[in-house]
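Visitor: Dumping the structure here so I can ask a few things about it.
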Amino acid sequence: MRVSNFAVAAIAPLAFATQVAIADSHGKAVEYRQAVMTTYGWNFKPMGAMVNNKAPYDAEKFKHHATDLAAAAHLDLLSGFPEDSEHEESDVKSEIWLNWENFEQKYRNFQEKAAALNAAADSADLDKIRPTFGATAKTCKDCHKAFRE
Ligand code: HEC
């Protein structure tokens, strides 16, 4: 009796410490994936304004954002989604880890469309750029609809 109480008393803080460590590592993953998303949004929004005639089209500025979005699309986003890393600071749906292949596929679609948008930005022709922008926007929405609260 005494021994097992002692054992529990000795192990409990360790178990607690382990849980905190896991929660902390997920905290970093959450920060990372949200930072990557912020980087997407930072570049995507001003392009959207130009595409939707809410801001004057500036070919150089547009190309800069398209290049940075395509570069950000090369960051290893998936490593920011370790298994079951739901977190109070996060808007993920647990479906991500139940449908990992689908999540990955949606991510690959985004990467492809972001590259196509970057290529189209070279034309400096909004009529050519617009459909590639729309296709990229669709990949953001597709993933958010399925996997984000
Ligand atoms: C493969 C899926 C996927 C794709 C593609 C995707 N997102 Fe996300 N996005 C998410 C998930 C999941 C979250 C929630 C992350 C969290 O809170 O942990 C999120 C969150 C965000 C956020 C909020 C970040 C924060 O600080 O809470 C922004 C902004 C965002 N996405 C922008 C974009 C834009 C813009 C695109 C397209 C150019 C995009 N995302 C493409 C899955 C995706």
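Nothing in this text is a laboratory measurement; each read-out follows from the coordinates by a stated rule. Bear in mind the structure is a predicted one, so any value in this text is a computation, not a measurement. Positions of Cβ are generated from backbone atoms using ideal geometry, with glycine treated the same way; all protein chains shown enter the neighbour counts.
Visitor: What FRET efficiency would be calculated for the residue pair Asn53, Asp91, taking the C-beta separation as r and a Förster radius of 30 Å, to the nearest 0.05?
Guide: Details: r = 30 Å, r/R0 = 1.01.
Efficiency for this residue pair is about 0.50.
Visitor: Could you line up Thr139, Thr38, Thr67 from fewest to most neighbouring Cβ atoms inside 10 Å?
Guide: Ordered from fewest to most neighbouring Cβ atoms within 10 Å, Thr139, Thr38, Thr67 come out as Thr38, Thr67, Thr139.
Visitor: While we're on this one: Rounded to the nearest whole Å³, what is the per residue volume of the convex hull around the Cα atoms of the stretch 29-147?
Guide: 92
Visitor: Take every Cα pair under 8 Å in the stretch 29-147 that's 6+ residues apart, average their separations, divide by the length, and report that relative contact order as a whole percent.
Guide: Working: 108 pairs, mean separation 35.3, N = 119.
Worked out over the stretch 29-147, it gives 30 percent.
Visitor: Order these by the 10 Å Cβ neighbour count, fewest first: Trp42, Trp97.
Guide: Neighbour counts put them in this order, fewest first: Trp42, Trp97.
Visitor: Do the alpha carbons of any pairs in Lys28/Lys93; Lys54/Lys106; Lys45/Lys145; Lys113/Lys141 sit beyond 23 Å of each other, and which pairs?
Guide: Lys54/Lys106
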